[in-house]
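This report concerns only the one structure given below.
The values are calculated or read from the model by the stated rules, or taken from the named source; none is laboratory data. Nothing here was measured: the structure is a model prediction, and the numbers come from that model. For neighbour counting, all protein chains shown are included, and Cβ atoms are generated from backbone atoms with ideal geometry for every residue, glycine included. The accessibility values were calculated without ligands, DNA or RNA, using every heavy atom of the protein model including side chains. Shrake-Rupley method; radii C 1.70, N 1.55, O 1.52, S 1.80 Å.
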Amino acid sequence: MDRLLKKATRQHTKNHNSQLVLRTIYDSGEISRADLARLTHLTRTTVSDVVADLIGRGLVEEVGHGASSGGRTPILLSVVDDSRYLIGVNLMSSEISGATINLRGGIRHRASRAFQSRDAESVLSLVYDLIDELIEAAGSPLLGIGISTPGLMDTTAGIVRHAVNFGWQNLHLRDLIHARYKLPVYLGNGAHMAALAEYTFGGSQNRKNLVVIHVGQGIGAGITLNGELFYGDAHGAGEIGHVVVVEDGRQCKCGNHGCLETVADSREIIRRAQLIAREDPSSLLHQFASDIETIDLDTVVQAFRAGDTALRQVIDEVGRYLGIAVANLIGILNIERIVITGPVAQFGQPLCDAIARDMLKRSLPALARATELAVVEEGPDSVLLGISALLLNYELGLIRLVTRQLAVNTVDLRPLSGVHRASTI
């Protein structure tokens with residue numbers, strides 16, 4: 001028993017040292033063995049042994065010589081970015097998109113599939129078909145597969161409890177994908193991945209606590225507490241889109257009336273914009289859409305930026321309802337930074353100011369003033385970047401992220417036109 005324990009301890013130490021050295025090389029870009037020993041506090045012998053193993057596994061390579069400080073010229077080490085790939089899959093309302101991604105978030109192959117049918121089996125078959133293409137396109141060993149899907153899920157068990165858009169009920173998605181591809185599989189929803197992307201690569205790095213509210217066709221929040229994604233006891237933390245903010249309001253798809261999604265998501269903005277266009281022949285919306293039925297969120301954003309006053313009122317109201325949600329989060333969690341992202345973030349500073357006004361009005365002023373509110377326009381690959389963070393953390397320890405999930409072209413997260421911060425508090 002003692003011998004087995006000692007063997008297990010040695011293996012644990014070896015794995016720890018390997019992850020520490022690899023992460024230090026990854027963070028440094030290029031670094032010598034001597035600097036590795038200094039930064040990791042490992043002996044030079046240990047560093048040399050670990051580096052030799054990493055080079056043997058193809059994860060690290062020697063890339064040239066550094067500046068000499070009087071002795072031998074140091075040989076620099078770097079992570080081989082394309083030595084491993086991961087598969088990221090994002091299930092959205094209109095399609096499934098995915099990519100083969102390298103260790104630095106570089107996208108090596110993209111693929112997408114449009115929904116032909118939304119029954120449970122058809123959607124799952126489409127996921128398989130997309131992953132098949134991405135795996136075939138991969139030219140390096142794969143770390144695993146990360147999947148972002150709407151719905152309520154148990155990420156620890158790998159089960160999608162309820163995804164109404166796809167007809168999934170208690171679907172053991174992780175087990176199904178693992179059985180087919182024999183790779184580690186990780187799950188999350190869009191809000192989780194947006195939070196991971198912002199926490200790891202965005203403007204919220206080095207923040208232990210963070211809330212990211214994703215507003216698109218639906219509204220959800222990803223919550224990071226002490227560097228750890230918080231899922232809640234029933235795995236429903238962040239489902240703020242189904243909190244009622246309007247008494248006796250319109251019925252939501254969840255069955256309740258007056259949910260936040262019914263008054264503040266992109267579908268509601270489009271619905272109200274189409275109503276404005278029908279009732280007002282002089283609306284600027286007519287300059288950007290050939291007919292009312294073709295009005296989409298991009299059309300609304302264009303008309304809004306052109307100065308349509310009726311749309312300004314719509315966005316003020318959307319901000320007011322989002323401000324109610326933000327005020328509740330401040331009162332419950334008292335987190336210093338709250339980020340609004342997703343397609344609706346394109347309304348920028350006016351949206352941020354509208355949220356801030358109600359946030360200040362509806363929460364303890366001292367706490368509201370201590371909260372940094374930002375509206376960050378979503379990059380096209382932010383969900384994939386969140387998936388990358390998840391897999392790099394679990395499989396290689398490259399990302400400093402605390403999470404609790406079990407596993408059986410360059411990514412663009414930065415805003416299109418800047419980060420919008422509250423100016424009224």
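Quick look at the values:
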read-out: From ARG108, ARG118, ARG113, residue being part of a strand (DSSP E or B), more than 30 Å from GLN205 (Cα to Cα) and within 25 Å of the chain's Cα centre (by Cα); value: ARG113
read-out: Qualifying residue in the stretch 245-265 (condition: of a type in the set (Ser, Thr, Tyr), at pLDDT below 90 and not in a strand (DSSP E or B)); value: no
read-out: Residue within the stretch 227-243 that is over 23 Å from GLY146 (Cβ atoms), at pLDDT 90 or above, open to solvent by 10 Å² or more (accessible area, probe 1.4 Å) and not hydrophobic (A, V, I, L, M, F, W, C) present; value: yes
read-out: Flag for GLY307 being in a loop (DSSP other than H, G, I, E, B), open to solvent by 30 Å² or more (accessible area, probe 1.4 Å) and more than 22 Å from GLN346 (Cβ to Cβ); value: no
read-out: Qualifying residue in the stretch 208-221 (condition: surrounded by fewer than 22 Cβ atoms within 10 Å (Cβ to Cβ) and either closer than 18 Å to THR155 by Cβ or of a type in the set (Phe, Trp, Tyr) (or both)); value: no
read-out: Answer residue from the stretch 132-153, given it is of a type in the set (Gly, Ala, Ser) and farther than 27 Å from ILE219 by Cβ and is surrounded by the fewest Cβ atoms within 10 Å (Cβ to Cβ) among those; value: GLY139
read-out: Meets criteria (touching a strand residue (DSSP E or B) at 6+ places or on another chain (Cβ under 9 Å), surrounded by 16 or more Cβ atoms within 10 Å (Cβ to Cβ) and basic (Lys, Arg)) for ARG104; value: no
read-out: Residues that are of a type outside the set (A, V, I, L, M), within 30 Å of GLY307 (Cβ to Cβ) and in a helix (DSSP H, G or I), drawn from the stretch 325-353; value: PRO343, GLN346, PHE347, GLY348, GLN349, PRO350, CYS352, ASP353
read-out: Test: residue in the stretch 312-324 that is surrounded by 19 or more Cβ atoms within 10 Å (Cβ to Cβ), closer than 20 Å to GLU378 by Cβ and in contact with a Gly (Cβ under 6 Å, 6 or more places away or on another chain); value: no
read-out: Any hit, the stretch 369-383, residues being under 30 Å from TYR85 (Cα atoms), open to solvent by less than 50 Å² (accessible area, probe 1.4 Å), in a helix (DSSP H, G or I) and not acidic (Asp, Glu); value: yes
